[in-house]
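Read-outs: derived from the displayed coordinates by stated rules, not from any lab. The shown structure was predicted, so the numbers you read here are calculated from the model rather than taken from an experiment. Ideal geometry is used to build each Cβ from the backbone, glycine not excepted, and the neighbour counts take in all protein chains shown.
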Amino acid sequence: MTPNYLPQPLSIDPICAAALRCFTVSGFHGTSIRQIAAEAGLSVPGIYHHFPSKAAILVALCDIAMDGLLAASHESLQRGTTTLERFEHLVGCLIQFHAEYGDIAFVTYSEIRSLPEGAREKHLEQRREEQALVTEVVERGVSEGLFTTPHPRESARAISTLCLGVSQWYRPSGPMPVNELVRVYLDICKDTVRIVR
């Protein structure tokens, strides 16, 4: 049985969850505060009581997504005692996160351009931090002779891109359960770094 690579569920407050449903269907610019309010069962002033703008809700969603992913990634790395185990736990975490939280992963990536400038830079920095975790464990695997890819940084980038792509197509209601998806994609990622078997 495939292990659970996510240590804790992602917590999304009701207003952000309502906005996420709207953004998933209509995009950030195609969604109005009035639509978010209706989806959340609140008045427009009720939304503004909690968030000063629609952009502030998107910022909150980005913070929820990246804070949650980074925390899960750091914890998953600590679960491994060897470099190979750390690789498996980290990549498994990335795959499972983008499968189980596909909507927030997809929206927060596709709407980066809609973030206010300061929030955009913070979000991109968090994405760079996440990428650095993958790159570090792949490079360590190469230095230890566990992986034979001649392009460790590019392989690490390919793995991150593959995992992010899960959020664009995977649906829990589809024919492949999450644990099977993780198993298959983890094999693909191991092939990407040319693991010594």
Most positive-pole-ward Cα, Phe97, Gln35, Ile112, against dipole of region 1-136 from beta carbon charges:
Gln35
Which distance in Å, rounded to a whole number, links the C-alpha centroids of region 28-78 and region 117-164?
26 Å
Principal axis dimensions, largest first and in whole angstrom, of region 55-103 by Cα:
42, 18, 10
How far is helix 178-192 tilted off the main Cα axis of the chain, in degrees rounded to 10, range 0 to 90?
50 degrees
Using θ = phi - 60° and Karplus 6.51 cos²θ - 1.76 cosθ + 1.60, couplings along region 99-110 (whole Hz; Gly, Pro as x):
7, 7, 10, x, 5, 5, 5, 5, 5, 5, 7, 6
Compute the acute angle (0 to 90°) between the alpha-carbon long axis of helix 14-26 and the principal axis of greatest extent of the alpha-carbon atoms of the chain; round to the nearest 10°.
80 degrees
Cα-derived Rg to Rh of the chain, Kirkwood definition
1.02
Could you pull out every residue, at least 5 positions away or on a different chain, whose amide H is within less than 5 Å of the one on Ile195? Hs are placed 1.01 Å off N in the peptide plane, and Pro or chain starts have none.
Thr148
Hz values of 3J(HN,Hα) by residue in region 68-84 - Karplus curve (6.51, -1.76, 1.60), Gly and Pro given as x
x, 5, 5, 4, 5, 5, 5, 5, 5, 5, 6, 6, x, 9, 10, 4, 5
Let me spell out the model: positive unit charges on the Cβ of Lys and Arg, negative unit charges on the Cβ of Asp and Glu, origin at the Cα centre of region 61-192. What dipole size does that give, in debye rounded to 20?
180 debye
As a footprinting exposure proxy, order Leu69, Leu115 by other Cβ within 10 Å, with the fewest listed first.
Leu115, Leu69
Folded to 0 to 90 degrees: helix 117-143 orientation relative to the chain principal axis, Cα
10 degrees
Please list the non-local residues whose amide H lies under 5 Å from the amide H of Leu115, H modeled 1.01 Å from N, same-chain partners needing a gap of 5 or more.
none
Cut-off 19 Å, label point 7 angstrom out along Cα-to-Cβ of Asn179: give me the residues of region 74-97 whose amide nitrogen falls inside.
88-97
Whole-Hz ³J(HN,Hα) from phi, Karplus 6.51 cos²θ - 1.76 cosθ + 1.60, for region 151-160, glycine and proline x
10, x, 5, 5, 5, 5, 5, 5, 5, 4
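Helix-only mean residue ellipticity at 222 nm, the chain, DSSP H runs n ≥ 4 weighted -39,500 (n - 2.57), per residue, nearest 500. What is it?
One gets -23500 deg cm²/dmol as the mean residue ellipticity at 222 nm.
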